[in-house]
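Colleague: Handing you a structure now.
The values are calculated or read from the model by the stated rules, or taken from the named source; none is laboratory data. None of these values were measured; they are calculated from a predicted model. Methodologically, a virtual Cβ is constructed for each residue, glycine included, from the backbone with ideal geometry; neighbour enumeration extends over all protein chains shown. With ligands, DNA and RNA removed, areas are computed over all heavy atoms of the protein, side chains included. Shrake-Rupley method; radii C 1.70, N 1.55, O 1.52, S 1.80 Å.
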Amino acid sequence: MRRSMKLAAVVLSGSLGMASLAACGAKSTDTNASSGSSSDALKVGMAYDIGGRGDQSFNDSAARGLDKAKADLGVNINEAEAKPGEAEADKETRLKNLIDAGYKTIIAVGFVYQPAVDKVAKDNPNVKFAIIDSNDKDQPANVTSLVFAEQEGSYLAGVAAANKSKGHHIGFIGGVQSELIKKFEAGYKAGAKSVDPNIQIETTYLTTPPDFTGFNSPDKGKEAAQGQLDKGADVIYSAAGSSGNGSIEAVANAGKLAIGVDSDQANQPALAKFKGSILTSMVKNVDTAVYSYIDSVKKGTPFTGIKLFDLKANGVSLATTGGKIDDIQDKLKAATDAITSGATTIPTAPTS
C-alpha cells in the first residue's frame, strides 16, 4: 500500500496558499476550481490522515465517497493531507486553512483529528464538521461523528479465517494499539473462536500512541507478518492502514492467505500482484458514510451527534473478489443473520 510522502506545495483557492500548506505539512487540491463548478455549489473540504489518496485502504475509501458527491451532487471539493509526526497545531492549521478558503463543510478522516476538530469547531460554530472513527461526548454541536461497527465486520473476517486455516493458527496485526483497532481485534478473535474454540491466534501491534506511524510503515507490517508466519500462522488479518501493504506482501510470498481491511484490497491496483493471496477484505464503507453525510448537508438536514454505520446499515461487509470465500457463504450468512438479529453480540475489546 502506498504511503509515500508528498511535497506540500499545491494550489488552493482563496486564502489557502502554498506557504500555509507547507507549514502544516499538507497536500491540497481544489479539484473543482478548474472544472467549471458553480460558485454557489456546496463547498466540502476533506482533511485526510497520513497517506491521503492512494493509500489503497482507509483514506481511499473516504476519497471515493467524496468523488461520488462531486459527481452526483455537484459539490465543490478541496483536500488536504496530514504527514507522519506532525504537531497537533498542524492539524488545527489544516482545518482553519480549509475554512479560510471558503469550505464550510469539513470532513476529518481519522480519530487523530478529534482534538483539532473540537477546538476549531468551537471557534467556528457556523462551520459543519464531520469526523470519521471518533466521537467525543463533549464535542461541539456542529460536529457529527461518523462511526462504524468494525467489530461486526471483523467477526465475519474471523469466521472466514478459521474456516480457511489449515493449521488452526491465524494472526492479527494492528497498526496502532488504540481503542479503535482493539475493536477489530476483538471481533476477529470472537469470530474465529466461534468456529474453532481452540484456534491459536497471534497478535501484534506495530506502535502505541502517541506514535501513529504504525498506520504508515509497510516495512513494519511486513516484519510483523513474517514473525507470525514463522510461528505457524497461515491466515493473517491486518488492520493497519498502509502498513498492511507489507503484511500482505509477506503473506503472499509465503503462499499463505491475507485478509485486507477498509477497502476491497484484492481490487486495488497497487496490490494486484498479491491478489491471489487475499482471502477477503473487511470493507469499512467509509465512502458510504462520507457521501451520506454530504448528501444530508446538501439537503439541509445534516446528520448530527453520532451516526453509526453497522452491519445492518451496510457500514461494514466482507469482500468477495476472487471467489475464495464463496464456498463458506452459508456460514457467513448464518453469522451475519445472528449479528443483525441481535442473537450474537460482538465484544468491542479483546477478552484474551
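Colleague: Amide H to amide H under 5 Å from Glu202: which residues, 5+ apart in sequence or cross-chain, H placed 1.01 Å off N in plane?
Modeller: Residues meeting the amide H criterion: Ile170, Gly171, Phe172.
Colleague: I'd like the carbon and sulfur percentage of the solvent accessible area for the stretch 186-274, probe radius 1.4 Å, heavy atoms only, ligands and nucleic acids excluded.
Modeller: C and S fraction of accessible area: 47 percent.
Colleague: Output the pairs from Lys70/Lys104; Lys137/Lys298; Lys43/Lys284; Lys189/Lys307; Lys128/Lys312; Lys284/Lys331 with a Cα-Cα distance over 18 Å in this structure; if there are none, say none.
Modeller: On the way: Lys70/Lys104 16 Å; Lys137/Lys298 26 Å; Lys43/Lys284 25 Å; Lys189/Lys307 26 Å; Lys128/Lys312 27 Å; Lys284/Lys331 21 Å.
In this structure, Lys137/Lys298; Lys43/Lys284; Lys189/Lys307; Lys128/Lys312; Lys284/Lys331 lie more than 18 Å apart at Cα.
Colleague: When the gyration tensor of the chain is built from Cα positions, what are the square roots of 5 times its three eigenvalues, in whole Å, from largest to smallest?
Modeller: After scaling each eigenvalue by five and taking roots: 35, 21, 18 Å.
Colleague: Taking all protein chains in place and a 1.4 Å probe, what share, in percent, of the accessible surface of the stretch 113-184 do carbon and sulfur account for? Display every interim value, and only then the final one.
Modeller: Working: 1090 of 2410 Å².
Here it works out to 45 percent.
Colleague: Given a 1.4 angstrom probe, what's the average accessible area per residue across the stretch 255-341, in square angstrom?
Modeller: 43
Colleague: Something else: Taking the solvent-accessible surface of protein heavy atoms with a 1.4 Å probe, what is the per residue accessible area of the stretch 124-224 in Å²?
Modeller: Computed with neighbouring chains in place, this is 38 Å² per residue.
Colleague: Also, quick follow-up: Just the accessible area for Ser341, please: 1.4 Å probe, Å², rounded to the nearest 10?
Modeller: The accessible area of Ser341 comes to roughly 90 Å².
Colleague: Oh, and also: Divide by every residue of the chain the summed helix terms, -39500 (n - 2.57) for each DSSP H run of at least 4, and state the resulting mean residue ellipticity at 222 nm, rounded to the nearest 500 deg cm²/dmol.
Modeller: Values: 10 runs with 129 residues, N = 352.
Taking each H run of at least 4 residues, the total per residue is -11500 deg cm²/dmol.
Colleague: Also, quick follow-up: Using the crude model of +1 on Lys and Arg Cβ and -1 on Asp and Glu Cβ, and no other charge, please compute the dipole size for the stretch 241-315 relative to its Cα centre, in debye to 20. Intermediate values should be presented prior to the final figure.
Modeller: On the way: 8 positive and 6 negative charges, 18 e Å.
My answer is approximately 80 debye.
Colleague: Could you tell me the center-to-center distance, by alpha carbons, between the stretch 58-90 and the stretch 121-165 in angstrom?
Modeller: For the stretch 58-90 versus the stretch 121-165, the Cα centre distance is 16 Å.
Colleague: If each Cα of the stretch 144-214 is one equal point scatterer, what is log10 of I(q)/I(0) from the Debye formula at q = 0.16, 0.27 Å⁻¹?
Modeller: Each listed q maps to, in turn, -0.56, -1.12.
Colleague: Per-residue HN-Hα couplings for the stretch 312-328, Karplus 6.51 cos²θ - 1.76 cosθ + 1.60 at θ = phi - 60°, whole Hz, x for Gly and Pro?
Modeller: Each residue of the stretch 312-328 in turn: 5, 8, 6, x, 9, 6, 10, 6, 10, 4, x, x, 6, 10, 4, 6, 10 Hz.
Colleague: Right, here's the next one. Search the structure for amide H atoms under 5 Å from the amide H of Met46, placed 1.01 Å from N in the peptide plane, and list their residues when 5 or more places away or on another chain.
Modeller: Under 5 Å from the amide H of Met46 lie the amide H atoms of Asn78, Glu79, Ala80, Ile107, each far enough along the sequence or on another chain.
Colleague: Please list the non-local residues whose amide H lies under 5 Å from the amide H of Lys104, H modeled 1.01 Å from N, same-chain partners needing a gap of 5 or more.
Modeller: Distant-sequence amide H within range of Lys104: Lys43.
Colleague: Let me ask you something else. Compute the distance in nm between two label points, each set 7 Å from the Cα along the Cα-to-Cβ direction, one at Asp123 and one at Ala338.
Modeller: The answer from the label model is 5.0 nm.
Colleague: What's the longest piece of the chain with no exposed trypsin sites (Lys or Arg not before Pro), counting a site as exposed if DSSP puts it in a loop and it has at most 15 other beta carbons within 10 Å?
Modeller: Longest stretch, sites excluded: 167-298.
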